[in-house]
Amino acid sequence: MAEEKHILTMLVDNEPGVLSRIVGLFSGRGFNIESLCVAETIDPRASRITIVTKANETLVEQIEKQLRKLINVIKLRDLTGSKSVQREMALICVRAKPDNRDEILRMVDIFRCKIVDVGPEYYIIEATGTNEKMNALINLLKPIGIKKIAKTGTIALFREPN
Amino acid sequence: MKLTGAQILMKVLKEEGVDAIFGFPGGATIDIHDKLEETDIRHYLVRHEQAAVHAADGYARVTGKVGVCLVTSGPGATNAVTGIATAYLDSIPLVIISGQVPTHLIGNDAFQEVDIVGITRPCTKHNYLVPSVQDLARIIKEAFHIARSGRPGPVLVDIPKNVQQAMTDFKPEQKVKLKSYHPTYKPNIKQLRKMVEMIKAAKRPLIFAGGGVILSNGSEQLTRLARSTKIPVTMSLMGLGAFPGSDPLSLGMLGMHGTYRANMSTGQCDLLIGIGVRFDDRVTGKTDAFASQAKIIHIDIDPASIRKNVPVSIPIVGDCKTSLEVLNRFLEEEDLELLTNNRGLWLDLIDRWKQDHKLAYTQEEEIKPQFVVEKLYELTKGKAIITTEVGQNQMWAAQYYHFDRPGHFVTSGGLGTMGFGLPAALGAQVAFPDALVVDVAGDGSIQMNIQEMATALQYQLPVKVVILNNCYLGMVRQWQELFYDKRYACTCMDHAPDFVKLAQAFGAVGLRATRPEEVEPVLKQGLDTPGPVIMDFRVSKEECVYPMVPAGAPITEMLLV
Ligand SMILES: Cc1ncc(C[n+]2csc(CCOP(=O)(O)OP(=O)(O)O)c2C)c(N)n1
Ligand SMILES: [Mg+2]
């Protein structure tokens, strides 16, 4: 069976130790985590966690069942194959010398990013987009010289039916 | 009414119907132990916290109630971990209460502080650190609810010392409300209807019953199903007793040391009905080869057990007992005569396997361990509560003692914890003071919690320990004999204590048998003696447990005697 990427989004109790239960379940059972994002929701008693994992069909079924067994997991949804909006965000510090500034600005424009900090030798770019877009951008910036990068994992929401 | 945390704890324990607690005190439980003395809940002071958990576990397995234990912070809590993991793997309902250092010291590496909630996260069904006295009653209620409902399991509640001492207004909690925890008890009716059709179509059906049947109290319903449809039943180690072992339809245990006929029938059946089992590797052998001709129906309350290890045609999530009840009702509408008409061929085939390869051993000059268990079965008329240690002793107990009722075989199946049997026997004896409780032990395992003889004496719990003393860590030695060219590395136990004198040192009775003709008299004398007894049976040292399926081989490929 082929491994596929799965985006799991879940609401969990916003309590100490809950993240550790979830991460511990993945490490203890040898499940894979590609990325993970957590933050409080509008309801301060709940947090939303988004985990991207790679697994075949049987394994992802097992991952979801094991997650649902945790008392602190309130709701869980696998967004793979369903209609959803997915985003990542990155702050990228690139080498910016007078001779390549134009090129960087062009790319920032094409990818609809923003320059959020400027120095004599660098720009910090703020970028959001799908995982594919982020990878494309990073690949184009690499030859120019990425000094530092901070990236989030994927966050995603199910599109409400009309 | 203003009460302290410790007093509130007592109130809730009483509400939950707790009548016995197994524990060991320390600085972080003094307040609780102090208040416990004022109630009519009996406290059994063990000699090691691991034993407290195993005793509570034994109590839970024979009563079906939640077992409760109480340990102090730090080393008290870490000592309990093996017991907790043991209960977790066998889905036994326990509430473990641990004392913790005061909240303001948590995270400070305070004296006797460990993060026991962190340590036990992967081996509890759920756990809690009680943040304040206002949360205590609710958390204890939730702990009991979670422990006993759905797929049962151990729940740990860590209570800081200042929470035990703090005062608050106590009002009895109402019902437990948990947002997202709603185990599925009621099975899907459509799936059960499909199941009926599959049973009707099957020529060689087989039931495989496990601990889930016992936990859900579904033995009666299982027995009805098997008898009305004439479907033979095999059981996992945890399932022994779910269906009468002496019934002609019983094939005995399945798995690595299962009977020939049970293992063979999984290879030939065209329908396998797994009920309250999890298809672990000791049962399936090589999974690709397991039940390769069969469609599999799987009933379990834990959805995660289904399709974890084997593919399933009809998954049924639900309580085993409830599911079997509904199924039996549906089957009543069917023409059972027609349904069971040509079961003869299948049952004949199984019977031939039985005749060809009975469980057997050869009687020689020395005592054979199997003979001891056989005699024990005879003398107790199969009515004793049997606990076991782990290793060959455990397998011989499973093979040669035939359990006709649930709750009579208490063994550490999932974790295989040496040292489980004696404390578990104490717990069972506490639950049923008049029952005959026997720990079938190995010479290695018994040394792991032998200190509990003191507990047995203190509370006059008349457990009988039957040591199958082969001077080896026998099961490991068996693997070395069969798969490691007889290199017996580190498995020889010839520096054991004199178990007869040891029994006497504890104030118990010690007996020994060294020749086959002494087995029966020693057993008789031991079983008839009031109070705790250790019987040391010097058995044949290099006896092996057969059948044996080498790890990873197909379950139908057995090494035989
Ligand atoms: C706590 C623990 N440590 C190690 C083992 C591995 N182990 C499994 S069976 C066994 C041998 C047990 O020896 P004994 O109690 O004498 O039983 P026998 O097999 O000889 O009947 C061992 C060491 C275990 N199951 N549990
Ligand atoms: Mg031994």
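Assorted remarks:
- Residue within the stretch B:21-40 that is aliphatic (A, V, I, L, M) and under 20 Å from the mean Cα position of the chain (by Cα) present: yes
- For beta carbons closer than 6 Å, sequence separation of 6+ or different chains, a first residue in the stretch A:59-70 that is closer than 17 Å to B:R278 by Cβ and a second that is part of a helix (DSSP H, G or I), the qualifying pairs are A:K65/B:P303; A:K65/B:A304; A:Q66/A:L25; A:Q66/B:A304; A:K69/B:A304.
- If you go through the stretch B:307-320 and keep only what is open to solvent by 60 Å² or more (accessible area, probe 1.4 Å) and charged (D, E, K, R), you end up with B:R307, B:K308.
- Among the candidates B:G416, B:G391, B:G427, residue that is within 12 Å of ligand 1 (Cβ to nearest atom) and touching a Gly at 6+ places or on another chain (Cβ under 7 Å): B:G391
- B:I96 being among the hydrophobic types (A, V, I, L, M, F, W, C) and within 14 Å of chain A (Cβ to nearest Cβ): no
- Listing of helices (runs of 4 or more DSSP H) fully contained in the stretch B:2-90 that carry 3 or more residues being small (G, A, S): B:49-63, B:75-89
- B:A77 among the hydrophobic types (A, V, I, L, M, F, W, C) and closer than 23 Å to B:I214 by Cβ: no
- Scan the stretch B:448-458 for residues that are buried (at least 23 other Cβ atoms within 10 Å of the Cβ) and away from ligand 2 (no atom under 16 Å from the Cβ) and the total you get is 4.
- Exactly one residue out of B:L240, B:L156 is open to solvent by less than 10 Å² (accessible area, probe 1.4 Å), in contact (Cβ under 8 Å) with a residue 24 or more places away in the chain and touching a helix residue (DSSP H, G or I) at 6+ places or on another chain (Cβ under 8 Å): that is B:L156.
- The stretch B:459-479 - residue that is near ligand 1 (Cβ under 7 Å from one of its atoms) and open to solvent by 20 Å² or more (accessible area, probe 1.4 Å) and, of those, nearest to the chain's Cα centre (by Cα): B:M475
- Strands (runs of 3 or more DSSP E) contained entirely in the stretch B:269-360, each with at least 3 residues that are within 24 Å of the chain's Cα centre (by Cα): B:271-275, B:295-300
- Single residue of the stretch B:480-521 satisfying the filter (aromatic (F, W, Y) and more than 13 Å from ligand 2 (Cβ to nearest atom)) that is farthest from B:E378 (Cα to Cα): B:Y484
- Meeting the requirement of 1 or more residues that are farther than 17 Å from B:V12 by Cβ, the helices (runs of 4 or more DSSP H) wholly within the stretch B:101-169 are B:116-120, B:161-165.
- Number of the condition not met by B:I189 [criteria: (1) within 32 Å of the chain's Cα centre (by Cα); (2) free of Cβ contacts under 8 Å to residues at least 40 places away in the same chain]: (2)
- For the stretch A:56-83, a residue qualifies if it is away from chain B (no Cβ under 14 Å) and open to solvent by less than 20 Å² (accessible area, probe 1.4 Å), and exactly one does: A:L79.
- The set of residues in the stretch B:404-429 that are open to solvent by 10 Å² or more (accessible area, probe 1.4 Å) and either away from ligand 2 (no atom under 16 Å from the Cβ) or touching a Leu at 6+ places or on another chain (Cβ under 8 Å) (or both) comprises B:D404, B:R405, B:P406, B:G407, B:H408, B:F409, B:G413, B:G414, B:L415.
- Set A:A127, A:A156, A:A90, A:A150: member being open to solvent by less than 80 Å² (accessible area, probe 1.4 Å), at negative phi and without any contact (Cβ under 8 Å) to a residue 40 or more places away in the chain: A:A127
- Test: residue in the stretch B:389-396 that is within 16 Å of ligand 2 (Cβ to nearest atom), within 17 Å of B:V463 (Cβ to Cβ) and touching a Pro at 6+ places or on another chain (Cβ under 9 Å): yes
- Candidates in the stretch A:28-55 are the residues that are touching a helix residue (DSSP H, G or I) at 6+ places or on another chain (Cβ under 9 Å) and within 10 Å of chain B (Cβ to nearest Cβ); of these, the one that is least open to solvent (accessible area, probe 1.4 Å) is A:G28.
The values are calculated or read from the model by the stated rules, or taken from the named source; none is laboratory data. All values reported here derive from a predicted model rather than from experimental measurement. So basically every Cβ, Gly included, is an ideal-geometry build from the backbone, and we count neighbours across all protein chains shown. Surface areas here come from the heavy atoms of the whole protein model, side chains and all, with no ligands, DNA or RNA. Shrake-Rupley method; radii C 1.70, N 1.55, O 1.52, S 1.80 Å.
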